Amino acid sequence: MNRSATFSRSVTLFRAFLHEQDDPEGFYSVLAADTVAQLSRWADLDGATVLDVGGGAGYFADAFRGAGATYVGLEPDAGEMTARGEPEPGTLRASGEELPIRTGVLDVCFSSNVLEHVRRPWTMADEMVRVTKPGGIVYLSFPPWFGPWGGHETSPWHYLGGYRARRRFVRKNGFEPKNRYGETLFAPSAGAALRWARTCRDADLVAALPRYHPWWAAWVLRVPGLREFVSWNVVLVLRKKG
């Protein structure tokens with residue numbers, strides 16, 4: 001049990017999250033620092049090679065490098081890569097479903113808030129396990145579809161259906177949302193994620209957590225149904241088998 005996951009930490013993260021759209025730099029700097037501290041529970045990042053799958057503009061790069069890691073970003077969308085200006089040096093442009101990485105070479109394979117944008121999320125998850133070396137760590141996080149932010153900018157109307165929420169957004173704003181249900185936004189569930197992790201042949205599940213919650217609220221992820229609505233963001237941590 002991670003007793004450092006306090007209520008005040010949760011308040012800080014949720015406050016930062018409220019500004020994801022208008023201040024992404026501020027939000028991701030807070031999230032990156034917290035994530036690297038969290039991940040350090042399972043992996044020694046000093047000297048580690050980390051692949052950030054779907055890393056976008058490299059918001060996590062400085063935090064990982066500050067912990068002593070060699071950071072490599074991977075992003076399929078050229079627009080996302082240049083969201084902060086020039087792409088993060090060394091970023092690979094490729095699909096998370098077909099990682100252009102040799103098997104078993106990474107100390108840490110990391111992905112934050114990407115699975116919901118992948119048509120075949122568990123194919124991507126399998127790929128992340130494949131490229132991680134024995135004893136290495138796979139870290140995956142994503143917002144379940146039925147959570148408050150499952151529909152991203154179309155929330156909370158996604159509760160009435162993803163396509164309906166998308167159409168409503170277009171009627172109201174006159175343009176498509178950035179995250180288009182059925183194209184760049186899908187509906188992964190916490191239950192499906194846990195089933196994948198528990199049945200993964202090549203890695204052991206070492207932790208499953210609601211990412212922003214304090215330690216005493218971690219139990220919500222153990223309750224089918226409830227976890228889809230209140231876990232907000234699911235973290236899976238796996239260790240590659242030897």
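Read the figures in this text as sums done on the coordinates, not as results from a lab. Fair warning: this is a prediction, and the values are worked out from it, not measured in the lab. We place every Cβ from the backbone using ideal geometry, glycine too, and count neighbours over all the protein chains shown.
With +1 on each Lys and Arg Cβ and -1 on each Asp and Glu Cβ, how big is the dipole of the range 100-199 about its Cα centre, in debye rounded to the nearest 20? Write down the numbers at each step before the final one.
On the way: 15 positive and 7 negative charges, 78 e Å.
For the range 100-199, the charge dipole is close to 380 debye.
Could you give the Stokes-Einstein D for the range 47-110 in µm² per second, using the C-alpha Kirkwood radius, 4 °C, 1.567 mPa s? Show your work: numbers first, answer last.
Numbers: Rh = 11.8 Å.
Approximately 110 µm²/s, per Stokes-Einstein.
Along Cα→Cβ, 7 Å out, is where each label goes; now give me the distance between the ones at Ala94 and Thr184 in nm to one decimal.
It is 2.2 nm.
Each label point is 7 Å from the Cα along the Cα-to-Cβ direction; what then is the distance between the points at Arg15 and Glu176, in nm?
According to this spin-label approximation, the distance is 3.8 nm.
Give the residue from Pro87, Ala61, Gly47 lying farthest towards the positive end of the charge dipole for the range 1-103; charges sit on Cβ (+1 for Lys and Arg, -1 for Asp and Glu) and the dipole is referred to the Cα centre.
Working it through, the farthest residue towards the positive pole turns out to be Gly47.
By counting other Cβ atoms within 10 Å of each Cβ, how are Tyr163, Tyr212 ranked from fewest to most? Don't skip to the end; give the middle numbers.
Numbers: Tyr163 13, Tyr212 22.
Fewest to most other Cβ atoms nearby, the residues stand as Tyr163, Tyr212.
With +1 on each Lys and Arg Cβ and -1 on each Asp and Glu Cβ, and nothing else charged, work out how big the dipole of the range 13-154 is about its Cα centre, in Debye to the nearest 20.
460 debye
As an exercise, find the ratio Rg/Rh for the range 1-114 from alpha-carbon atoms, using the Kirkwood inverse-distance average for Rh. Mind dumping the intermediate values first?
Working: Rg = 14.4 Å, Rh = 14.8 Å.
In the range 1-114, Rg relative to Rh is 0.97.
Tally Lys/Arg at +1 and Asp/Glu at -1 over every other residue whose Cβ is under 13 Å from the Cβ of Phe186; what's the total? If you can, show how the numbers build up before the last one.
Values: positive: Arg119, Arg120, Arg166, Arg180; negative: Glu97, Glu116, Glu183.
For residues surrounding Phe186, the net value is +1.
Pop the C-beta distance of Thr6 and Val206 into the FRET formula with R0 = 35 Å and round what comes out to the nearest 0.05.
Numbers: r = 21 Å, r/R0 = 0.61.
Computed FRET efficiency for Thr6 and Val206 comes out at 0.95.
Which of the three applies to the range 177-242, rounded, prolate or oblate, going by the alpha-carbon gyration tensor with a ≥ b ≥ c and a/c under 1.5 meaning rounded? Present the calculation step by step, with values, prior to reporting the outcome.
Working: a/c = 2.04, a/b = 1.22, b/c = 1.68.
It comes out oblate by the Cα gyration axes.
Among Trp215, Cys109, Gly73, whose Cα lies farthest out toward the positive end of the dipole of the chain, if unit charges sit on the beta carbon of Lys, Arg (+1) and Asp, Glu (-1)?
So the residue furthest toward the plus end is Trp215.
If N is the number of residues in the range 24-75, what value comes out of its Cα radius of gyration divided by 2.2 N^0.38 Å? Don't jump to the answer; show the numbers that get you there.
Working: Rg = 10.2 Å, N = 52, 2.2 N^0.38 = 9.9 Å.
Taking N as the residue count of the range 24-75, the ratio is 1.03.
Please find, in a Gaussian network model of the chain (springs between Cα atoms separated by less than 10 Å), the residue of Val170, Val220, Val11 whose mean-square fluctuation is greatest.
Between Val170, Val220, Val11, it is Val170 that shows the largest mean-square fluctuation.
Whole percent per 10 Å bin, from 0 to the bin with the longest distance: what is P(r) over all C-alpha pairs of the range 108-160?
So the P(r) values, bin by bin, are 25, 42, 24, 9, 1.
Let's test the formula: R0 of 41 Å, r as the Cβ-Cβ distance of Arg222 and Glu86. What FRET efficiency results, to the nearest 0.05? Intermediate values should be presented prior to the final figure.
Numbers: r = 44 Å, r/R0 = 1.06.
Using R0 = 41 Å, I get an efficiency of 0.40.
Where nothing but the Cβ of Lys and Arg (+1) and of Asp and Glu (-1) is charged, how large is the charge dipole of the chain around its Cα centre, in debye to the nearest 20? Can you show the working numbers first?
On the way: 29 positive and 26 negative charges, 206 e Å.
It comes to approximately 980 debye.
Classify the chain as rounded, prolate or oblate from the Cα gyration tensor: take a ≥ b ≥ c as the square roots of its eigenvalues, call it rounded if a/c is under 1.5, otherwise prolate when a/b beats b/c and oblate if not. Numbers along the way, then the final one.
On the way: a/c = 1.39, a/b = 1.22, b/c = 1.14.
Rounded is the answer for the chain, as its axis ratio a/c remains below 1.5.
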